[in-house]
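Single-structure report; data block below.
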Amino acid sequence: MTATPAEDKRASEPVEQAEPTASVGKNTLSVHGGDDRPRAHQSIPMPIIQTATYAFADTADLINFQHARTWGDGIVGREEYGRYGNPTVQAVETKVAALENAADAVLFSSGMAATTSLLLASLPTGAHLVMTGDCYRRTMQFCMTFLTRLGIETTIVQTGDYEALENAIQPKRTRFIMSESPTNPYLRCVDLERLAGLAKKHRIQTIIDSTFGTPINQRPLDYGIDYVTHSATKYLGGHHDLLAGVVVGRKERIAALRDARGILGGIVDPQNAYLLERGLKTLGLRVKQSNETSMRMAEFLEAHPKIERVFYPGLPSHPDHEIAKKQMTGFGGVVSFQVRGTLEETSKFIDALELPYIAPSLGGVDSLIEQPALMSYFEKTPEERLAFGITGNLVRYAVGVEDADDLIADLDQALKVLG
Ligand SMILES: *Cc1c(COP(=O)(O)O)cnc(C)c1O
């Protein structure tokens, strides 16, 4: 997969990998995906190119660059300024594109910067957006407050109600259907093929926030989805030590979004990009481990008398189990469940756990646990929380890469505090 420098016209040029990636394993892609680039100083990892700007040899060099950029084919073979691009950032972009079987990817400073930049760059005043309800709260807040102010309207439909989704479409006005899959915290899975088909029928584009899915477990573009977004802060980074976001999709659309990033400014730092590239190399291994542990944990919890209900797409009891089986090769690393008890009793159980940290977020090597009622929905009344489907006894367990036996034994001992 290593190109000679002569083959490499532009280190930043994303590689069209649709054909080769189909046959290459996900672990190989995690390690080598998109690494067809010259190796600076023979370094195996992409070095941190810690610069905010890039020098020109002389005025003729500058003018050549400007000609190529302004009137050429856009392949300029170098960078100009840090907000427009960075080689370390590009190394991550090509790897994520390879993992998602996409033509290109563009990296942002956070998952929210990725989503907000995509929507701001794509939606004109007066446009309309349909999104599914069970979603990241900040994404919904952005649509309901910022986009509303810009004259862009959002209709929220219940996840899984395809009829309501189709009815919400306004001819000539609706630009996007946006959904997560699996969703947070109930891990609802949207039928990607059905969603893409429905959108195509109405000539609308689709966005899937695949943060919980990861490119290891699902590739929405393969089902006809137009854009995939990730909070790379979660599984792609994988170590709870960086914030980043990414959008993948078709070449010309991502190129336009990269230009928009140069204006909106949500570029990721080269140091973080380096950490992200390092994290991505073990993505396949980490996701496989937490898929397996999560499945075992979900089965253990479902059989436990102190547990009221478990939400995990790998369980036949999950409402979207059939959809998940159809489009996912693993069911992910988050297990949500309701404890038989009050909000306070649930907290007592959480405090009795020894291994997971109490923290927001997910997707890292360390297991994390939270009670959504006390984390994202703390300031709400119990009634308001219920309107979002958040009960006091709901727990979200983000499974890390610790040994499954240890995590399950820890759950078993902590559940004993429930009397
Ligand atoms: C965390 C998260 C986001 C936001 O990403 P940041 O990197 O925290 O900005 C968006 N969507 C989902 C599903 C998330 O879990």
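Overall dimensions of the stretch 267-330, expressed as equivalent-ellipsoid semi-axes from the Cα gyration tensor (√(5λ), whole Å, largest first), are 32, 14, 11.
Assuming a ≥ b ≥ c are the square roots of the Cα gyration tensor eigenvalues, decide whether the stretch 337-381 counts as rounded (a/c under 1.5), prolate (otherwise, with a/b larger than b/c) or oblate.
Details: a/c = 2.31, a/b = 1.26, b/c = 1.84.
Oblate is the answer for the stretch 337-381, as a/c is 1.5 or above yet b/c matches or exceeds a/b.
Bridgeable aspartates and glutamates around LYS201 (alpha carbons under 15 Å apart, same-chain partners fewer than 8 residues away excluded): GLU163, GLU166, GLU193, ASP226. Here is the tail figure for the chain: Cα pairs spaced more than 41 Å apart come to 17 percent of all pairs. Computed over every Cα-Cα pair of the stretch 283-418 and binned at 10 Å starting from 0, the pair-distance distribution P(r) comes out as 13, 44, 36, 8, 0 percent. Relative to the longest principal Cα axis of the chain, at what angle does helix 343-352 sit, 0 to 90 degrees, rounded to 10? The answer is roughly 70 degrees. Note that the stretch 46-183 shows a convex hull volume over its alpha carbon atoms of 166 Å³ per residue. Think of a 1.4 Å ball rolled over the protein heavy atoms: the stretch 283-418 then has 43 Å² of accessible area per residue. Measure off, as a whole percent, the carbon and sulfur share of the 1.4 Å-probe accessible area of the chain, all protein chains present. For the chain, the apolar C and S fraction of the accessible surface comes to 54 percent. Think of each Lys and Arg Cβ as +1 and each Asp and Glu Cβ as -1; about the Cα centre, that makes the dipole of the chain roughly 920 debye. Solvent-accessible surface (1.4 Å probe) assigned to LEU264 amounts to roughly 90 Å². If you take the Cα centroid of the stretch 36-84 and the Cα centroid of the stretch 353-404, the two points sit 44 Å apart.
Can you run the Rg to Rh ratio on the stretch 186-333? Use alpha carbon positions and the Kirkwood inverse-distance Rh.
On the way: Rg = 17.2 Å, Rh = 16.9 Å.
Result: Rg/Rh = 1.02.
Heavy-atom accessible surface of HIS67, to the nearest 10 Å², is about 90 Å², with a 1.4 Å probe and all protein chains retained. Computed from Cα atoms, the angle from the helix 87-99 axis to the main principal axis of the chain rounds to 60 degrees. Once C-alpha pairs closer than 8 Å and six or more residues apart are averaged by separation and normalised to the residue number of the stretch 338-415, the relative contact order reads 40 percent.
Per-residue ellipticity at 222 nm for the chain, helices alone: DSSP H runs ≥ 4 residues times -39500 (n - 2.57), over residue total, nearest 500 deg cm²/dmol? Before the final figure, lay out the partial values.
Details: 16 runs with 157 residues, N = 419.
The helix contribution divided over the chain gives -11000 deg cm²/dmol.
In what order, largest first, do GLU163, GLU180, GLU384 sit by accessible area if the probe radius is 1.4 Å? Before the final figure, lay out each step's value.
Numbers: GLU163 135, GLU180 15, GLU384 85 Å².
Most to least solvent-accessible, the answer reads GLU163, GLU384, GLU180.
When DSSP beta bridges are restricted to pairs lying wholly in the chain, around 55% turn out antiparallel.
Accessible area per residue (1.4 Å probe, heavy atoms of protein chains only) ranks SER43, SER376 as SER376, SER43, with the largest value leading. Charge dipole (Cα centre; +1 on Lys/Arg Cβ, -1 on Asp/Glu Cβ; no other charges) of the stretch 275-363 amounts to roughly 360 debye. Rolled with a 1.4 Å probe across the full set of protein chains, the surface gives ARG296 an accessible area near 110 Å².
The largest accessible area among MET144, MET131 belongs to the first residue in MET144, MET131, and the rest follow in falling order (1.4 Å probe, all chains).
Semi-axes of the equivalent ellipsoid of the stretch 91-163 are 25, 16, 12 Å, computed as sqrt(5λ) over the eigenvalues of the C-alpha gyration tensor in descending order. Other residues lying with their Cβ under 13 Å from the Cβ of ASP320 contribute a combined charge of -1, Lys and Arg counting +1, Asp and Glu -1. Once both labels are positioned 7 Å from their Cα atoms along Cα-to-Cβ, the gap between SER23 and GLU308 label points is 5.3 nm. Given an 8 Å cut-off on Cα distances and at least 6 residues of separation, report the relative contact order of the chain as a percent. Relative contact order comes out at 16 percent.
The values are calculated or read from the model by the stated rules, or taken from the named source; none is laboratory data. This is a predicted model, so every value here is computed, not measured. Backbone-built Cβ (ideal geometry, glycine too); neighbour counts: all protein chains shown. Only protein heavy atoms, including side chains, enter the accessible area calculation; ligands, DNA and RNA are left aside. Shrake-Rupley method; radii C 1.70, N 1.55, O 1.52, S 1.80 Å.
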